[in-house]
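Asker: Mind looking over this structure? Questions follow.
The values are calculated or read from the model by the stated rules, or taken from the named source; none is laboratory data. Everything numeric in this text was worked out from a predicted model, so none of it was measured. Please note: Cβ atoms are built from the backbone with ideal geometry, for glycine as well, and neighbour counts cover all protein chains shown.
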Amino acid sequence: MVDWNTSLIAVRAPQNLSWLRPSFLGLHIAGGFVGLPILIITLLFSDDIPRQPDLINFCITWVIYSFSYTILGLSGKTAHPPHTLCFIQAAILQGTTPMVAIATFLLVFKTWRTFRDPFSPSARCILCFTLSVPYLVFILLLLISVGNQLAAPSTLNANNGLYCTTSGVPFRRYMIPIFSIILAALMIAFEIAIAVRYYRSRKRIITNFPLALRSTSLSLIIRLGLFNVYLFVTIGASSTFIAGRARAWAYMVQAALPLVAFILFATQRNILLTWCFWLKRKYLPNRCEDNIPESRSIRPSESGIDLSYTPIHRRDVACNSQPS
């Protein structure tokens, strides 16, 4: 039997960031308690938005992420946290970060797969498996964390002033940040592959169909750019946790992740028009005024490439979907 007490490592006392608590909680509440639940409800019940189980699952994992990080802060017992509450939060936190990392990676991977082969069918069993993987990982790491904390209860603390965690446990200090860095690096690689595929697809459409609509969604470029930039920032923040030198900015990056996820997907045109329904009649006709038989826009799918919708974005194809 492994003696977890002998595997502890010496660490410096974490910086007390209790002064950061209002901002930390505010970011989590804005993204994980307000924004993402609204987005989930919209994705589930709107008739104008194609239902994407992967995207809905992605949002749900980030809601769980925010809840797990705010258990202590919202309890109002940060000065003298109860042992049971602290034990529960520390154990949950071990699994939430890998859970959201896997859910995000699977979403990016499906987007890449959609660009690579847009007509490939998705088997129901594969979908069920990919949806369940993040939660299976969460449960596994939760059980490991419970074992670690029972074997070394002295490692449990809330010294950072924001949430309960464990100190001096290699599993917590190294495994989770390194796992997050690896998945973030893989996501960046797949995002580059998506961008290359997108560019080649547009170039092929423009070459074969000179009258095709050539405008590129500015919001798409901004959202993908924001996603990639934040991946690099997340890698930097994770590196500071590995080194044991995490500062206030790293905790704020950590807290802002659910809000960034909300902004990334809530700025899709179809979602914005669902919320601002009074703009549909005003906005869509203006986009279609040039859609005349002599110079009609070519649907991307007519060239054998379906770029109309992926889990990451849905392009503006309102005009293209009109009968010509």
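Asker: Mind listing whichever residues of region 5-26 are loosely packed, with under 11 Cβ neighbours inside 10 Å and modelled with pLDDT under 85?
Answerer: First, pick out the residues of region 5-26 that are loosely packed, with under 11 Cβ neighbours inside 10 Å: 6, 10, 12-13, 19, 22.
Correct list: THR6, ALA10, ARG12, ALA13.
Asker: Against the conditions (1) surrounded by fewer than 15 Cβ atoms within 10 Å (Cβ to Cβ); (2) within 18 Å of the chain's Cα centre (by Cα), where does ASP47 fall short? Just the number, please.
Answerer: (2)
Asker: If PHE87 satisfies all but one of (1) at pLDDT 90 or above; (2) within 17 Å of ARG21 (Cα to Cα), what's the number of the condition it fails?
Answerer: The number of the failed condition is (2).
Asker: Can you spot a residue in region 101-117 that is loosely packed, with under 13 Cβ neighbours inside 10 Å, under 30 Å from TYR198 (Cα atoms) and more than 12 Å from the chain's Cα centre (by Cα)?
Answerer: We begin by selecting, within region 101-117, every residue loosely packed, with under 13 Cβ neighbours inside 10 Å; these are 116-117.
Now restrict to residues that are under 30 Å from TYR198 (Cα atoms): 116-117.
Filter again for more than 12 Å from the chain's Cα centre (by Cα), leaving 116-117.
So far as region 101-117 goes, yes, one or more of its residues are loosely packed, with under 13 Cβ neighbours inside 10 Å, under 30 Å from TYR198 (Cα atoms) and more than 12 Å from the chain's Cα centre (by Cα).
Asker: Same structure again: Only residues that are over 14 Å from THR61 (Cβ atoms) and in a helix (DSSP H, G or I): list them for region 75-107, please. Break it down stepwise before answering.
Answerer: Restricting attention to region 75-107, the residues satisfying the condition of being over 14 Å from THR61 (Cβ atoms) are 75-91, 94.
Within region 75-107, SER75, HIS83, THR84, LEU85, CYS86, PHE87, ILE88, GLN89, ALA90, ALA91, GLN94 meet the criteria.
Asker: Another question about this same structure. Restricting to region 102-136, what's the tally of residues that are modelled with pLDDT under 90 and under 15 Å from SER68 (Cα atoms)?
Answerer: 0
Asker: Condition check: part of a helix (DSSP H, G or I) and over 25 Å from the mean Cα position of the chain (by Cα). Does LEU150 satisfy that?
Answerer: Numbers: part of a helix (DSSP H, G or I): yes; over 25 Å from the mean Cα position of the chain (by Cα): yes.
Answer is yes for this residue.
Asker: Sticking with this one: Can you pull out the residues in region 58-107 that are free of Cβ contacts under 8 Å to residues at least 12 places away in the same chain and within 23 Å of SER132 (Cα to Cα)? Reasoning before the result, please.
Answerer: Narrowing region 58-107 to residues free of Cβ contacts under 8 Å to residues at least 12 places away in the same chain: 75-77, 79-80, 82, 84.
Once the filter is applied, which keeps residues that are free of Cβ contacts under 8 Å to residues at least 12 places away in the same chain and within 23 Å of SER132 (Cα to Cα), region 58-107 yields nothing.
Asker: Report yes if LYS280 is in a helix (DSSP H, G or I), of a type in the set (Lys, Arg), at pLDDT below 75 and in contact with a Leu (Cβ under 7 Å, 6 or more places away or on another chain), otherwise no. Lay out the reasoning, then the answer.
Answerer: On the way: in a helix (DSSP H, G or I): yes; of a type in the set (Lys, Arg): yes; at pLDDT below 75: yes; in contact with a Leu (Cβ under 7 Å, 6 or more places away or on another chain): yes.
Yes: the conditions hold for LYS280.
Asker: Can you report the number of residues in region 161-180 which are buried (at least 19 other Cβ atoms within 10 Å of the Cβ) and farther than 14 Å from ILE92 by Cβ? If you could, list the steps in order and put the result at the bottom.
Answerer: In the first step, residues of region 161-180 are kept if they are buried (at least 19 other Cβ atoms within 10 Å of the Cβ); the result is 161-167, 169, 172-173, 176-177, 180.
Now restrict to residues that are farther than 14 Å from ILE92 by Cβ: 161-162, 167, 169, 173, 177, 180.
Of the residues in that region, 7 qualify.
Asker: Moving on. Going by what's in this entry, would LEU140 be described as surrounded by fewer than 16 Cβ atoms within 10 Å (Cβ to Cβ), under 24 Å from ALA189 (Cβ atoms) and touching a residue at least 24 places away in the same chain (Cβ under 8 Å)? Walk me through it before giving the result.
Answerer: Numbers: surrounded by fewer than 16 Cβ atoms within 10 Å (Cβ to Cβ): yes; under 24 Å from ALA189 (Cβ atoms): no; touching a residue at least 24 places away in the same chain (Cβ under 8 Å): yes.
So LEU140 fails the test.
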